[in-house]
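Handing you this structure, nothing more for now.
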Amino acid sequence: MLNFWMGFQVGKARRKYKVFYPMLYALESENKDAKLFNCIQNSLELKLIFFVMTVLGGIQHPLIAAGLGLLFVITRFFYFKGYSTGVPDNRLKIGVWNFLGLHLNYLF
């Protein structure tokens with residue numbers, strides 16, 4: 001559900017900042033709001049890696065993988081909210097813990 005919500009937010013930002021497909025990121029030379037849009041777009045990173053690591057970790061350790069997945073999802077919300085402000089350092093206040101959930105899933 002979080003990924004759907006984040007994707008919807010990116011779609012709204014595309015319309016608001018006029019960054020149309022097939023452009024993945026806004027160019028600062030063409031769009032005064034490029035930095036803000038790119039911060040919102042960058043928030044979708046890591047979701048494929050997260051899904052693969054959670055499934056692979058869940059084969060051997062389903063409860064640990066589920067717990068780490070929950071940690072990742074909750075902290076990823078805060079990562080997204082902080083990053084979408086346009087100030088990249090805001091993503092690390094609580095959102096930095098999403099990397100713990102991701103990397104520990106990889107170890108198991």
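The values are calculated or read from the model by the stated rules, or taken from the named source; none is laboratory data. The shown structure was predicted, so the numbers you read here are calculated from the model rather than taken from an experiment. Neighbour counts run over all protein chains shown; Cβ positions are idealised from the backbone, glycine included.
Could you list all residues from segment 88-100 that are touching a residue at least 24 places away in the same chain (Cβ under 8 Å) and surrounded by fewer than 16 Cβ atoms within 10 Å (Cβ to Cβ)?
Those that are touching a residue at least 24 places away in the same chain (Cβ under 8 Å) and surrounded by fewer than 16 Cβ atoms within 10 Å (Cβ to Cβ): Pro88, Leu100.
Hand me the list of helices (runs of 4 or more DSSP H) wholly inside segment 1-77 holding 1 or more residues that are exposed (fewer than 12 other Cβ atoms within 10 Å of the Cβ).
2-17, 47-60
Do we find that Lys35 is at pLDDT below 90 and under 12 Å from Asn98 (Cβ atoms) in this structure?
Spelling it out, it is not the case that Lys35 is at pLDDT below 90 and under 12 Å from Asn98 (Cβ atoms).
Table: residues versus (1) within 30 Å of Pro22 (Cβ to Cβ); (2) small (Gly, Ala, Ser).
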position: Asn38; (1), (2): yes, no
position: Phe51; (1), (2): yes, no
position: Gly58; (1), (2): no, yes
position: Gly67; (1), (2): no, yes
position: Phe72; (1), (2): yes, no
position: Phe80; (1), (2): yes, no
position: Gly86; (1), (2): yes, yes
position: Ile94; (1), (2): no, no
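How many of the residues making up segment 41-55 are touching a residue at least 12 places away in the same chain (Cβ under 8 Å) and not aromatic (Phe, Trp, Tyr)?
Going through segment 41-55 one residue at a time, the tally reaches 9.
Any residue at all in segment 40-50 that's modelled with pLDDT of 85 or more and of a type outside the set (Gly, Ala, Ser)?
Yes, there is a match, as at least one residue in segment 40-50 is modelled with pLDDT of 85 or more and of a type outside the set (Gly, Ala, Ser).
Then there's this: Go through (1) on the phi > 0 side of the Ramachandran plot; (2) more than 18 Å from the chain's Cα centre (by Cα) for Tyr21 and report which single condition fails.
(1)
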